[in-house]
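Please read the structure below before turning to the comments.
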Amino acid sequence: MRSSVSSRDTVGRLQPEATSRKSGRRLTHTFARRATRLQNEGLLPNDVVHRTSKYLNNILEADHGALKRLIRPTRGFQSMKTAAATLTGFEIMRMIRRGHCILRQAGPIGEIRLVNQLFGLAA
């Protein structure tokens, strides 16, 4: 089977520290059988759990839903460099708005100094 071969190849390329111990993807019983087969062959750790709850992804989706709303008007990015810079800026502004950082000086000047410090810009 082509798909089981590609599954083996993918699992073989994963770094041990990067492998997930839980699969929250909503997949059919076919995936469960393949996962069991890979575990029996020793290509997938035995402590990996296949979960079928359809709500497991909601936490991740809710967290970056606001970012998706901001990114949509930009209609994508031309390069990874611009994507990284834009997403970093979005995250910094979100962090400031939520109060997840301590500003040395209150108000816009403190925010500007924080952004300059985070991006390595001259003050």
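Taken together, the values in this text are just the output of simple stated rules run on the coordinates, not laboratory data. All values reported here derive from a predicted model rather than from experimental measurement. Cβ sites come from the backbone with ideal geometry, for glycine too, and all protein chains shown count toward neighbours.
Here is the size of region 76-119 from its Cα atoms: Rg then Dmax, 11.9, 36 Å. Residues 77, 119, ranked from the fewest to the most other C-beta atoms within 10 Å, line up as 119, 77. The ranking of 41, 111 by Cβ neighbour count inside 10 Å, starting from the fewest, reads 41, 111.
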